[in-house]
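The values are calculated or read from the model by the stated rules, or taken from the named source; none is laboratory data. These numbers come from a predicted model, not from an experiment. Note that we place each Cβ from the backbone using ideal geometry, even for glycine, and neighbour counts take in every protein chain shown. All accessible areas refer to the heavy atoms of the entire protein, side chains included, with ligands and DNA or RNA removed. Shrake-Rupley method; radii C 1.70, N 1.55, O 1.52, S 1.80 Å.
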Amino acid sequence: MDREIFIRHFAGTLSPREENALWKWLDASSEHRNEYLEWRRTWDMYLLHTPAGEPSVSFDRLLDRRGRKDTDTVRTSAPVVWLRRMGGVAAIFLAAFGLAWYLYALREQTPVLHTIEVPSGQRVKLTLADGSTVWLNAQTRFTYPALFGKHDRRVTLDGEGLFEITRDARRPFTVQTGRYDVTALGTTFDVYAYSNSDAFETVLVDGIVEVDVPGTDGSTKRYRMQPGYKLLYDEALQKIRTFRVHTPDCISWTNGIYYFNDITFAEMAKRLEHYYKTQIIINDSSIMNYRCTGKFRQHESITDIMDVVKSDMPFSYSYDRDLNKLTVRKRGKRNMREINN
């Protein structure tokens, strides 16, 4: 196989026809798969040697190094990646963690799974093995295989992600969450499903997705969505609802903007808890149902956001930095925030 095909595959620029031809070539023999894994390892080294903001290491130079020695390894204690604070967007093409892991998976027919966990205040972009791209929001845990199987493509999401899926009619792409599964062939959609919340939402930007909703009797109901619609689980009504939305606002978080559109203060507080990993306690239930609409930059702190919101609502708050806890109470005589440094 020509090396240009491998490079464009890893970079996510192959056409659908070229991508299908590559997968057929991989299926043909174990020798082809081993060759692919060698190229993948070299590509991973290339990514690891070209951090953001620094000059790129020549890919040809790394090819020369691969021919001369085979001692470079990626050290990791487990296939879980914790992203540290780097400021701004962490746009990362995650690599595999060593050829031995891949060969072991091929021999045992067991997929090698990687997990990434995104810190508060950040978002991450990934490119998967099939060329699909995924944006992950703050406090999201995402598990995916190093190589997808022959018959399907499955990943697991705990948090929020925007998926741009490479079309493959033979292998549907399924996002598994703690509540429902979302399946597509080739499309763009957003899923919001944090395990510590009853909330579930998916927004379809283009294409078609199907959402499988398990019933209390063990049956499963399948909802097929159309572009420009949101499907959500309504906690108050205890049922699924679908309605039309303005999709750019729903996925604005990928551009560093949190957008809240006519939601309750209680719901907004829950989302801020997820995004900032901060406990928010509302001491007065009369505040919870106030409606909130607004846009905030991701780099703004949670106290910056609360200062803006309280200018239009009758509450004050205190913030304990040591406990990372924010307490909201109905506004008294003092209209101010209290911050424990």
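A few points about this structure:
- Between Asp217 and Leu237, the distance separating the two model label sites (each 7 Å from Cα on the Cα→Cβ line) works out to 2.1 nm.
- Solvent accessible area, Å² - Arg297, 1.4 Å probe, full protein context: 120
- FRET efficiency for the pair Thr133 and Asn20, taken as 1/(1 + (r/R0)^6) with r the Cβ-Cβ distance and R0 = 22 Å, rounds to 0.75.
- Violating pairs (Cα-Cα greater than 27 angstrom) within the set Lys150/Lys239; Lys295/Lys325; Lys150/Lys277: Lys150/Lys239; Lys150/Lys277
- Compared with the direct C-alpha span, the chain from Asp206 to Thr327 gains 39.6 nm at full extension, assuming 0.36 nm per residue.
- The stretch between Asn261 and Ala169 holds 29.6 nm of extra length on full extension. This uses 0.36 nm per residue minus the Cα-Cα distance.
- GluC sites (Glu not before Pro) restricted to region 153-261 and DSSP loop, no more than 12 other C-beta within 10 Å: Glu235
- Remark: the Asp307-Met288 segment gains 5.2 nm on full extension, using 0.36 nm per residue and subtracting the alpha carbon distance.
- For region 193-200, putting each phi into the Karplus relation 6.51 cos²θ - 1.76 cosθ + 1.60 with θ = phi - 60° gives couplings of 7, 7, 5, 8, 9, 7, 6, 9 Hz, in residue order, rounded to whole numbers and with x for Gly and Pro.
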